[in-house]
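A quick write-up on the structure given underneath.
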Amino acid sequence: MSPTQTQNMSSSSSSLSSSSVWLLSYIKLRFFSRIRRFLQSKTTRKRCTESKTGINQQQPEETEQQEEEVIKIMEKQREVDDDCVVLQKSVKKLHFGSWEEKEMAAIEIQRLAKQDVKIKKLMAELGVIHMLVSMVANEVVGRRRTAVKALIELANGTYTNKALMVEAGILSKLPKNVETVDESTRHEFAELLLSLSTLANTQFPVSSSEILPFLVGILESSAGSSVETKVLCIGTLYNLSAVLDNAGPLVSNGVVQTLLKLSSIKEVHCEKSLATLGNLVVTLMGKKAMEDNPLVPGSLIEILAWEDNPKCQELSAYILMILAHQSSAHREKMAKSGIVHVILEVALLGSPLAQKRALKLLQWFKDERQVRMGPHSGPQMGRIAMGSPVNPREAQEGKKLMKNLVKQSLHKNMEMITRRANACDDSTKLKALVISTSSKSLPY
């Protein structure tokens, strides 16, 4: 071993030992401070008791309770001292131990990181994050998963640790071929990326071009990933889509096509998929990608008819409004797909927000059909006349459909009124009883 290496190892060991000594001193100082505060509070309580009762001796029960509390604090302090020793050994093994020792150290670091945020920050200062990031690239699956689990705990609740992981190159350590990765490893990587993606909303840059192939690979994997793993990936895409600069990479990596397919599956958190598409549709690239996609507007109209999921109805109506605005070609495409009947039903039976958006769309189609578009009534481009049905049978079916929708709307409103009346039935009876009882004493 060269003198330079020996000097580096000695300096590292000295820094670790000094950090450990500092940590131990800090823990002992905090312990004695707690004991002092505890004794001071007991003394104050004793004085208050003596002033009120005149008794100068403590009751035996109170003395026993104090002793038990002191014993508990001392036992907890022993556990903290033990954890301090474990942390010192784990950091040393992680830096200088064999691969087996590094793996065991990562397990201990994961356990200790769950206890306190201050411990997480101390581990980062001791260089733990960089060593764990280097372990992620290990070919042994068990070691890689152990390192990822420890990083998940270290990233939880700390912006600094997340930033250090990105700086250490964790994104470049993502598996290149998702098909060769087992489901458990996929899930853990997806959980870590979801935590790191919250940096996208801050000024710290997150390279979406490194994350997106892995996320899309999981969502499009032929081997199949669990619903929970896909939900984590969609959540990461949503965080990234909140930044307008990420719209280009998201569209170029096929995220629009992937989310349109997943949004039709209720089990795979369709709300988050539609919310991500809603963030993308307000950009030029995102809107163009949706207009050119063969699944649009058919899949969105299908979601708009989900009566049991009002949130998805609202998001679908929002995306359709953006696509229909100032695009006569797309409005015509929507009309041919049968959107008018669906938005009419939503306008009568949907949630308040969905009704508002559906009525806006109806107004646009009505204005376009009558070729009387005002300056503020809706889309201002491409005025075309849709024509009216000339077949009496079609007109009769339309009237019948309208009557059925009105009946459904009235029935739904009556159900809501009945539920409210039943909920207020007891309070109404009580009020009537009070009024009838008090009115007997009135002279009129």
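The values are calculated or read from the model by the stated rules, or taken from the named source; none is laboratory data. In this text, all values refer to a predicted model and were calculated from it rather than measured experimentally. Positions of Cβ are generated from backbone atoms using ideal geometry, with glycine treated the same way; all protein chains shown enter the neighbour counts. Accessible surface is based on the protein model in full, side chains and every heavy atom, while ligands, DNA and RNA are left aside. Shrake-Rupley method; radii C 1.70, N 1.55, O 1.52, S 1.80 Å.
Per-structure values
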{"read-out": "Pairwise label distance in nanometres, Lys89 with Gln326, each label 7 Å out on the Cα-Cβ vector", "value": "6.8 nm"}
{"read-out": "Rh (Kirkwood; distinct C-alpha pairs) - region 208-314, Å", "value": "13.8 Å"}
{"read-out": "Charge dipole magnitude, Cβ of K and R +1, D and E -1 - region 131-282, Cα centre, debye nearest 20", "value": "60 debye"}
{"read-out": "Accessible surface ranking that places the most exposed of Glu220, Glu108 first, with a 1.4 angstrom probe", "value": "Glu220, Glu108"}
{"read-out": "Relative contact order computed over region 249-362 (Cα-Cα under 8 Å; 6+ residues apart), in percent", "value": "22 percent"}
{"read-out": "Rough spin-label spacing in nm, given labels placed 7 Å along Cα→Cβ, for Ala305 and Ser184", "value": "4.4 nm"}
{"read-out": "Note, ³J(HN,Hα) from phi for region 354-359, Karplus 6.51, -1.76, 1.60, rounded to Hz, x at Gly and Pro", "value": "5, 4, 4, 5, 5, 5"}
{"read-out": "Accessible surface ranking that places the most exposed of Thr229, Thr202, Thr180 first, with a 1.4 angstrom probe", "value": "Thr180, Thr202, Thr229"}
{"read-out": "With 5 Å bins from 0: P(r) over region 204-251, alpha-carbon pairs, percent", "value": "4, 21, 33, 21, 13, 6, 1"}
{"read-out": "Nitroxide proxy distance, nm - points 7 Å out along Cα→Cβ at Asn177 and Lys336", "value": "4.3 nm"}
{"read-out": "Relative contact order of region 203-287, defined on C-alpha pairs under 8 angstrom at six or more residues apart (%)", "value": "31 percent"}
{"read-out": "Cα centroid of region 154-169 to Cα centroid of region 253-326, whole Å", "value": "33 Å"}
